[in-house]
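The values are calculated or read from the model by the stated rules, or taken from the named source; none is laboratory data. Being a predicted model, the structure only gives us computed values, none of them experimental. Using ideal geometry, Cβ is built from the backbone for each residue, glycine included, and neighbour counts are taken over all protein chains shown. The accessibility values were calculated without ligands, DNA or RNA, using every heavy atom of the protein model including side chains. Shrake-Rupley method; radii C 1.70, N 1.55, O 1.52, S 1.80 Å.
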There are 2 protein chains.
Amino acid sequence: MLNLGILISGRGSNMESILKSIKKKKIPINPAVIISNKSDAKGLGIAKKLGVAVEVIESKGFKGSRTEYDKKIIKVLTKYKVTPKNGLVCLAGFMRIVSPEFVKKYRNRIINIHPALLPAFPGLNSQKQALDYGAKVSGCSVHFVDAGMDTGPVIIQAVVKVDEKDTEKTLSKKILKEEHRIYPEAVSLFARKKIKVSGRRTKIS
Amino acid sequence: MLNLGILISGRGSNMESILKSIKKKKIPINPAVIISNKSDAKGLGIAKKLGVAVEVIESKGFKGSRTEYDKKIIKVLTKYKVTPKNGLVCLAGFMRIVSPEFVKKYRNRIINIHPALLPAFPGLNSQKQALDYGAKVSGCSVHFVDAGMDTGPVIIQAVVKVDEKDTEKTLSKKILKEEHRIYPEAVSLFARKKIKVSGRRTKIS
């Protein structure tokens, strides 16, 4: 069975949805470790309650480069056997850009969820971007992480209708509901080795 | 009742779907004129059969500027009473960029359909762009035309699932089916004065 590491910065609601799916035996993967770059991340308590090991690698005040920070992450992942051979890394509200070295080492083994239908509205505040654009639909995308910003191959996308009355808050809530559905689904596909990546296109078998 | 002018370059299948909706009394608008920039556009024959006036303003070999060409279009539209006060202009596979002067004169009265969920995959070959990107969903967008490339306020968007087996041809076909549904719908909303534009956001009442 694969070992899963999840990187968080805050509440990690997507982390929670993944861990709960694992608990319900819906995903054949071992939840090895939750790593936060903030010691006060609420997700740490949630993970502990669910019986999963947690580690903090404080990024605030860290003096080294992004690559050096990520080396610390890789060290902890390795300690918990979340390796490029036998691991999967999920970003769940992890508010840091990962280094090209990390991406390269865990090639097609780091996945992220983005609250928009990529390539639309990449980067921060996607829901606000969608509202400001006047989009009639938006959604979320689970994708592999590559060296770019929200640019890796897409695994699953879910669509959400944008209503005229939607605010950033209501739209975020609707999208989050879909995130909690498709992120565990994508992890499950990965754990069961159902995803094939060919260039930018993924195939689900 | 408003007067409708439709600009085409080829078969104009969206033109046909709009004209047929008007015939079925589904849209309260007068189909005043079809203008093609190509004398051999197949849509001309289709429009004639449906009893709609056609005009050709050949763009091939036209020596003047884009603004000068568009002046000829405006002249013909005016002749058929498709005016900035009383008209609507639909682009239906019209393979020319319209000039800022034309857009300004007919502000929020020119609409277009684009075979993607804008702002994703603007410009040409959107279906191929979606496949190359590995998008899991795509669709089409009816939008007002502004001075940019596929950037005006969106009126309606429809979603289409991208299947792994999809080719440019099959995806285009699926999207076209949705185009033929939402373009007449948008024209109908416009004709019934149901669309309010506020900045980039449109409101349907």
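Here are a few things to note about the model shown:
- Whichever residue in the range A:127-141 is in a helix (DSSP H, G or I) and within 8 Å of another protein chain (Cβ to nearest Cβ) and, among such residues, is farthest from B:Ser138 (Cα to Cα): A:Asp132
- Restricting the range B:187-205 to residues that are basic (Lys, Arg) and at the interface with chain A (Cβ under 8 Å from one of its Cβ atoms), the residue that is most open to solvent (accessible area, probe 1.4 Å): B:Lys203
- Within the range A:116-142, the set of residues being open to solvent by 30 Å² or more (accessible area, probe 1.4 Å) and within 18 Å of A:Ile8 (Cα to Cα) comprises A:Leu124, A:Asn125.
- Residue that is farthest from B:Ala130 (Cα to Cα), among those in the range A:115-126 that are within 14 Å of another protein chain (Cβ to nearest Cβ) and in a loop (DSSP other than H, G, I, E, B): A:Gly123
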